[in-house]
Amino acid sequence: MTTVSVVTPSGKGGADVELPAEIFGAKVNIPLIHQVVVAQEAAARQGTHATKTRGMVRGGGKKPYRQKGTGRARQGSLRAPQYAGGGTVHGPVPRSYEQHTPKKMKAAALRGALSDRTSHGRLAVVSAFVEGDEPSTKEALTVLRTAVGAAEARLPRPVLVVVHGDDQLTRKSLRNIPRVRVLTSGQLNTYDVLASDHVVFTQAALAEFVARTGGGELVTVAKPAKAAKAAKPAAEPASGTEEPEARPAGAKAAAGDAGEPDAKPARPARAKAAAGDAGEPGARPARPARAKAAAGDAGEPDAKPATSRARKPAAASATEPADDTAAGQARPAVKKRSSGASRKPASGGGAEQKEEQE
């Protein structure tokens, strides 16, 4: 269901109107609308057109010349169709162009046209065009421009205004404005809706049209803006009094949490525990065992055990600099590993073994 705001002459105090979906939200059937519009235009034709045949034209009673002897074609009258001033052959005759269209088809086409204007935002509702008992074209045009959304002094596109049958004040106020067509709710039709870019209902005409077409009573909804204005004064004092007290409390709590002496020592304790685990000689027995096994396979019995022993005191020296003996034993082991001296004897030992095998 679509809701439309009601425009008032003063521009304030308008309500919202709910448009029935059965009328303003129906399916748009373009072929049906075309058929109904063609029938409506055909019914508007007078059908009084007529022409005169050669028997109805004045004159031409005498034969223009003799039948034979002239060498020309025989002629019987100067009012024949081939002569200027002669009669017309098979000309139009008075007739009626009216087409029979069922009432349900007309109603369905009108609902489709109104639904199309509603879906494109080109349908508006006005409570009244003039305040008072005297017609005023200036006031009515101002309200109409507001409802249509036109900023210019003159309306750029045609507008259809639907009024109540007894609303003579609005009809007199709008009848002289160019590009404005005023109809009563009983005269509303598909062609006029399609010929206008905007359709503007008065609130009384919309209620009458909805009741006549079977849409029930028109539902008017109050705007929710009033409730929002009432809620603002209640929210302002609460934000003005409680916010200054709440912010220092939160800041103090955050400062107290950050400055606690018991929270930060947890990190060095973890570091010491990790360093103690790394420096313990019996913490990682798997790595030296693997290194010894690898050294036995490669033929290096003395080089790699030294590196595995050097790793443990190196980790301990990073966290416990007081142990001078462990640091002194770790330095030559690291130098031997970086210089690659342990690797050269391994390659040389492999060459000696090859000579012995030979």
Please give the number of the condition L160 fails out of (1) within 22 Å of Q35 (Cβ to Cβ); (2) open to solvent by 20 Å² or more (accessible area, probe 1.4 Å); (3) touching a residue at least 24 places away in the same chain (Cβ under 8 Å). (2)
Over segment 181-198, the set of residues surrounded by fewer than 21 Cβ atoms within 10 Å (Cβ to Cβ) and of a type outside the set (S, T, Y) is R181, V182, L183, G186, Q187, L188, N189, D192, L194, A195, D197
Tally of residues being assigned to a loop (DSSP other than H, G, I, E, B), within 24 Å of V210 (Cβ to Cβ) and open to solvent by 90 Å² or more (accessible area, probe 1.4 Å) across segment 163-180: 1
Residue check, K52 against (1) among the charged types (D, E, K, R); (2) modelled with pLDDT of 90 or more; (3) closer than 30 Å to V221 by Cα, all met but one. Which one? (3)
Considering only residues that are in a loop (DSSP other than H, G, I, E, B) and open to solvent by 40 Å² or more (accessible area, probe 1.4 Å), look in segment 133-146 and name the one that is nearest to T170 (Cα to Cα). P135
With the structure loaded, tell me whether V130 is crowded, with 16+ Cβ neighbours inside 10 Å, at pLDDT 90 or above and over 25 Å from Y191 (Cβ atoms) or whether it fails that test. yes
Considering every residue within segment 87-101, establish whether at least one is exposed (fewer than 15 other Cβ atoms within 10 Å of the Cβ), without any contact (Cβ under 8 Å) to a residue 12 or more places away in the chain, hydroxyl-bearing (S, T, Y) and outside any strand (DSSP E or B). no
Could you list, in sequence order, the residues of segment 3-18 that are at pLDDT below 85 and in contact with a strand residue (DSSP E or B) (Cβ under 8 Å, 6 or more places away or on another chain)? G14, A15
Note on G121: of the conditions (1) open to solvent by 20 Å² or more (accessible area, probe 1.4 Å); (2) assigned to a helix (DSSP H, G or I); (3) within 20 Å of D16 (Cα to Cα), unmet is (2)
Report yes if Q46 is open to solvent by 50 Å² or more (accessible area, probe 1.4 Å) and assigned to a helix (DSSP H, G or I), otherwise no. no
Yes or no: segment 20-27 includes at least one residue that is over 60 Å from the mean Cα position of the chain (by Cα), surrounded by 14 or more Cβ atoms within 10 Å (Cβ to Cβ), assigned to a loop (DSSP other than H, G, I, E, B) and in contact (Cβ under 8 Å) with a residue 12 or more places away in the chain. no
Answer yes or no: is there a residue in segment 67-86 that is small (G, A, S) and part of a helix (DSSP H, G or I). no
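The values are calculated or read from the model by the stated rules, or taken from the named source; none is laboratory data. On a predicted model such as this, the values are computed, not experimentally measured, just so you know. Ideal geometry is used to build each Cβ from the backbone, glycine not excepted, and the neighbour counts take in all protein chains shown. Heads up: the accessible areas ignore ligands, DNA and RNA and are worked out on the full protein's heavy atoms, side chains in. Shrake-Rupley method; radii C 1.70, N 1.55, O 1.52, S 1.80 Å.
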